[in-house]
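The values are calculated or read from the model by the stated rules, or taken from the named source; none is laboratory data. Bear in mind that the values here come from a model prediction, so they are computed numbers and not experimental data. We place every Cβ from the backbone using ideal geometry, glycine too, and count neighbours over all the protein chains shown. With ligands, DNA and RNA removed, areas are computed over all heavy atoms of the protein, side chains included. Shrake-Rupley method; radii C 1.70, N 1.55, O 1.52, S 1.80 Å.
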Amino acid sequence: QVQLVESGGGLVQPGGSLRLSCAASGIIFSIYTMGWYRQAPGKQRELVAAIASDYSTNYADSVKGRFTISRDNAKNTVSLQMNSLKPEDTAVYYCNADFRRANYWGQGTQVTVSS
């Protein structure tokens, strides 16, 4: 079956960095658009960044210049490097795999930015 397993979340001080990773199995990883979404308490889930099969990327305006998404098709992983973190980046971060009508989610990993 399809599994997306996130790792790398945690507590970090404002201005700090974290790197999230998502390991995928059960899909032909290279053809999927891979994305990171986040959901803060009381808010809707929102797209943070996505990387398509051709390696083109898309970022939310709020993270441009601070976050970088990358993928490794040989390892079936997608990563999100998060720098200059702000308290408003606090949320549960979810990995997503999307291809036509197939759409899958990971279980989420908590990122907390606080002093």
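The set of residues in the stretch 63-101 being under 15 Å from Val113 (Cα atoms) and among the small types (Gly, Ala, Ser) consists of Ser84, Ala91.
Give the residue that is most open to solvent (accessible area, probe 1.4 Å), with candidates limited to residues of the stretch 70-115 that are charged (D, E, K, R) and in a loop (DSSP other than H, G, I, E, B). Looking at the filtered set, the residue picked out is Arg101. Taking the criterion of being under 15 Å from Gln110 (Cα atoms) and in a strand (DSSP E or B), the residues of the stretch 37-69 that qualify are Tyr37, Arg38, Gln39, Glu46, Val48. Checked against the criteria, Leu11 counts as touching a residue at least 60 places away in the same chain (Cβ under 8 Å) and open to solvent by 20 Å² or more (accessible area, probe 1.4 Å). Restricting the stretch 1-36 to residues that are more than 11 Å from Val78 (Cβ to Cβ), assigned to a strand (DSSP E or B) and of a type in the set (Ser, Thr, Tyr), the residue that is farthest from the chain's Cα centre (by Cα) is Ser25.
Evaluating Gln1 against the criteria (1) surrounded by 12 or more Cβ atoms within 10 Å (Cβ to Cβ); (2) touching a Gly at 6+ places or on another chain (Cβ under 8 Å) leaves one unmet condition, (1). Could you please let me know if Phe67 is among the aromatic types (Phe, Trp, Tyr), open to solvent by less than 70 Å² (accessible area, probe 1.4 Å) and under 13 Å from the mean Cα position of the chain (by Cα)? Considered against the rule, which asks whether it is among the aromatic types (Phe, Trp, Tyr), open to solvent by less than 70 Å² (accessible area, probe 1.4 Å) and under 13 Å from the mean Cα position of the chain (by Cα), Phe67 comes out as yes. The residue list Gly42, Gly26 contains one member that is more than 22 Å from Lys86 (Cβ to Cβ) and free of Cβ contacts under 8 Å to residues at least 40 places away in the same chain, which is Gly26. Within the stretch 37-48, identify whether any single residue is loosely packed, with under 12 Cβ neighbours inside 10 Å and of a type in the set (Asp, Glu), and answer yes or no. No, the stretch 37-48 contains no residue that is loosely packed, with under 12 Cβ neighbours inside 10 Å and of a type in the set (Asp, Glu).
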